[in-house]
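Colleague: My questions will all concern the structure given below.
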Amino acid sequence: MTVGELISMLEGLDEESNVFFISQPNWPFEYSIKDIVERSNFENDETDGKKNNDVILVEGSQIRYGNKNAWG
């Protein structure tokens, strides 16, 4: 996913909505997002497909159990 694709997906949503990250489809948890950083802020290694301008969502706190239906 690119930043442009993410912005497009967020278009039209309520700007006051909370944003969470859900992971682990077999045992899902919802997390807050602590930060959004570019890889170059903490690493300068463009090997294995990494790019210095990659955008990283940094996991915050575990909020609650998620729902497997999020994966459709």
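Colleague: Can you give the charge dipole size of the chain about its Cα centre, rounded to the nearest 20 debye, using +1 on the beta carbon of Lys and Arg and -1 on the beta carbon of Asp and Glu?
Modeller: Dipole size: approximately 360 debye.
Colleague: Ok, one more. Excluding residues on the same chain fewer than 8 positions from K50, give the aspartates and glutamates whose Cα lies under 20 Å from its Cα.
Modeller: The reachable aspartates and glutamates, counting only those whose Cα sits under 20 Å from K50, are E5, D35, E38, E59.
Colleague: Summing -39500 (n - 2.57) over the DSSP H runs of n ≥ 4 in the chain and dividing by its residue number, what mean residue ellipticity at 222 nm do you reach, to the nearest 500 deg cm²/dmol?
Modeller: -3000 deg cm²/dmol
All of the numbers you see were taken from the coordinates with simple rules; none came from a lab. Treat the numbers as computed from the prediction; the structure is a model and nothing was measured. So basically every Cβ, Gly included, is an ideal-geometry build from the backbone, and we count neighbours across all protein chains shown.
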